[in-house]
Amino acid sequence: MIPKELQPLIRAGQLDSMVQTPEAVIHEIDIAKRHYATARRSLTVDPEGAFQLLYDSARKALQALLAAHGYRVRKPPRGNHYTYVLVARTSLVNQEIWLPLNWMRELRNQTEYFDPARQSASEEDCVQALVHVARMLEDVEFRLLDYLK
């Protein structure tokens, strides 16, 4: 059942309904886990790339959970990366676990769109994000247990 807090996002056109197979949801989770594993291995050599992968890992996990409920974030201009933050503030997930997603989104943007006045993702940021994303992945996998049976 989709949380009622998502209804405003659906009405605003930020989320689209869709039909997704369990195999496709599993595929998204597998990609999220691979991104996490790759980031873990590369954070000392390429912290900017590792941080991007960690953010994408969290986003793809959330995307898989949305798909299991029959929704996806629309492409811009209606939906965007901030839409994932709004979804993470609903009862679809453990909101406390997902609170760092907006920090990750903002730091990912600072890193992706270079500005000498702003700090890019560091190795320390990656270490923090590793902990957060591990919890996010666990949260999504727990919430998908019934769906994937």
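Here are a few things to note about the model shown:
- Asp30, Asp139 arranged by Cβ crowding within 10 Å, fewest neighbours leading: Asp30, Asp139
- Fewest-first ordering of Met136, Met18 by other beta carbons within 10 Å of each residue's beta carbon gives Met18, Met136.
- Of Trp98, Leu86, His132, farthest towards positive along the dipole that unit charges on Lys, Arg, Asp, Glu beta carbons give segment 4-145: Leu86
- The charge dipole of segment 1-123, taken about its Cα centre with unit charges on the Cβ atoms of Lys, Arg (+1), Asp and Glu (-1) only, comes to about 320 debye.
- Summing charges over neighbours of Val127, with a neighbour being any other residue whose Cβ is under 15 Å away from its Cβ, gives -2 when K and R count +1 and D and E count -1.
- Relative packing of 111-120, 84-93, which averages over residues the other C-beta atoms within 10 Å, highest first: 84-93, 111-120
- The chain - mean residue ellipticity at 222 nm from DSSP helices (-39,500 (n - 2.57) per run, n ≥ 4, rounded to 500): -19500 deg cm²/dmol
- The distance separating the Cα centre of segment 19-73 from that of segment 75-149 comes to 10 Å.
- By the beta-carbon count within 10 Å of each Cβ, the least crowded to most crowded order of Lys4, Lys33, fewest first, is Lys4, Lys33.
- Helix 101-112 and the long axis of the chain differ in direction by around 50°, with both axes built from C-alpha atoms.
- Counting charges near Val87 (Lys, Arg +1; Asp, Glu -1) among other residues having Cβ under 11 Å from its Cβ returns a value of +2.
- Rounded to 10°, Cα long-axis angle of helix 22-42 versus longest principal axis of the chain: 10 degrees
Readers should treat all values here as calculations from the given coordinates under stated rules, not as data from a laboratory. Bear in mind that the values here come from a model prediction, so they are computed numbers and not experimental data. Backbone-built Cβ (ideal geometry, glycine too); neighbour counts: all protein chains shown.
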